[in-house]
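Structure incoming, see below.
The values are calculated or read from the model by the stated rules, or taken from the named source; none is laboratory data. The shown structure was predicted, so the numbers you read here are calculated from the model rather than taken from an experiment. Because the Cβ atoms are built from the backbone with ideal geometry, glycine has one as well, and the counts that use them run over all protein chains shown. Note: areas computed on protein heavy atoms with side chains; ligands, DNA, RNA excluded. Shrake-Rupley method; radii C 1.70, N 1.55, O 1.52, S 1.80 Å.
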Amino acid sequence: MSMPRVVTTIAELRDLLDAARAKGERVGFVPTMGFLHEGHARLMRRARTQNDVVVVSIFVNPLQFGPAEDFAAYPRDFDRDLKICGDEEVAIVFNPSVDEMYPEPNPVTITVGPIGDVLCGRTRPGHFDGVATVVAKLFNIVGPCRAYFGEKDAQQVVVIRRLAKALDFPVEVVCVATVREPDGLAMSSRNTYLTDEERRAALVLSRALNKAHELADRGETDPATLQKVMAEEIEAERLAKLDYAAAVDPDLLTEAAEGDTPILLAVAAWVGKARLIDNMTVYPASSRDARTGTSDVEASITKG
Ligand code: AMP
């Protein structure tokens, strides 16, 4: 294992990646907020197989946290992160300061519009504008690349795809399937906030999704019914507080139409101090047959 090169300035990262592309090397980019886990590692591994140089950014972006959210408390462990990146043969870790990214007090920001107001955006107003702003900056800094995002944050993937398209970034957005703990809990840096008891309670998210998924597999495609089943499951867990349970169109994030189209099942709940999210996509029988042989959801999600 060789340690990645740590870069803290925008100018140096630009120079390094321009030089790599000038030699014909393809750049793979994995944006993160650090406190890395196997979900992030999976993104890096995918990037490694499809590109010559992998760059991981580690930046806890203040713009995407609300005033009452966990920006200050967000877990950080740079040395451990660096080791994980080294194990995944990441060439460069970009770790800018907040001042490097936002030197002015009132930065210009991006407004994503209504897509950022639904699901997580209802509880986290401005969150997706903050995400889009930092990702737009990172895309401009990194330059032409493939960029890897986790399906766990499904709304984020929709927002980033739209951003890349709307602002003509020379970036191919790749979506990677959610990595779960053996018991089904979606991996998240925020899982570290959970006590043992809360950790057990947090399983209610994937359980609710699985329940609705099974129902859909048996032919139930009424979004209201699927939503109700998920909400009831989460509300029955004493240590969880439901934020939302939704069955929506995977691209538009509006309520799913009943019938022969994929449905994105998405849930969010607070468990102790952690606000956790999870999602699964349900494919109707007809499109499921067409999917046979794909190893994860990438084939169906990278179409946009
Ligand atoms: P974060 O550091 O939480 O901002 O996440 C950085 C990237 O890793 C985002 O694209 C996330 O969607 C992705 N990611 C986080 N957790 C997982 C997971 N369990 N499986 C797959 N991707 C993930």
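I'd like the full set of residues that are among the aliphatic types (A, V, I, L, M), within 15 Å of the ligand (Cβ to nearest atom) and assigned to a helix (DSSP H, G or I), limited to the stretch 137-164.
Selection gives LEU138, VAL142, ALA154, VAL157, VAL158, VAL159, ILE160, LEU163, ALA164.
Something else now. What are the residues in the stretch 172-187 that are farther than 28 Å from ALA240 by Cα and either within 9 Å of the ligand (Cβ to nearest atom) or open to solvent by 20 Å² or more (accessible area, probe 1.4 Å) (or both), if any?
Answer for the stretch 172-187, where residues must be farther than 28 Å from ALA240 by Cα and either within 9 Å of the ligand (Cβ to nearest atom) or open to solvent by 20 Å² or more (accessible area, probe 1.4 Å) (or both): GLU172, CYS175.
Is it fair to say LEU226 is on the phi > 0 side of the Ramachandran plot and either touching a residue at least 40 places away in the same chain (Cβ under 8 Å) or buried (at least 20 other Cβ atoms within 10 Å of the Cβ) (or both)?
Criteria not met by LEU226.
To continue, here is another question. Take the conditions away from the ligand (no atom under 16 Å from the Cβ), at pLDDT 95 or above and assigned to a helix (DSSP H, G or I) and apply them to GLU197. Does it pass?
Judged against the criteria, GLU197 is a match.
Can you find, within the stretch 229-260, the residue that is most open to solvent (accessible area, probe 1.4 Å) among those that are outside any loop (DSSP other than H, G, I, E, B) and among the β-branched types (Val, Ile, Thr)?
It comes out as VAL229.
Quick one: which helices (runs of 4 or more DSSP H) sit completely within the stretch 1-104 and have at least 1 residues that are open to solvent by less than 60 Å² (accessible area, probe 1.4 Å) and polar (S, T, N, Q)?
Fully inside the stretch 1-104 and qualifying: 38-50.
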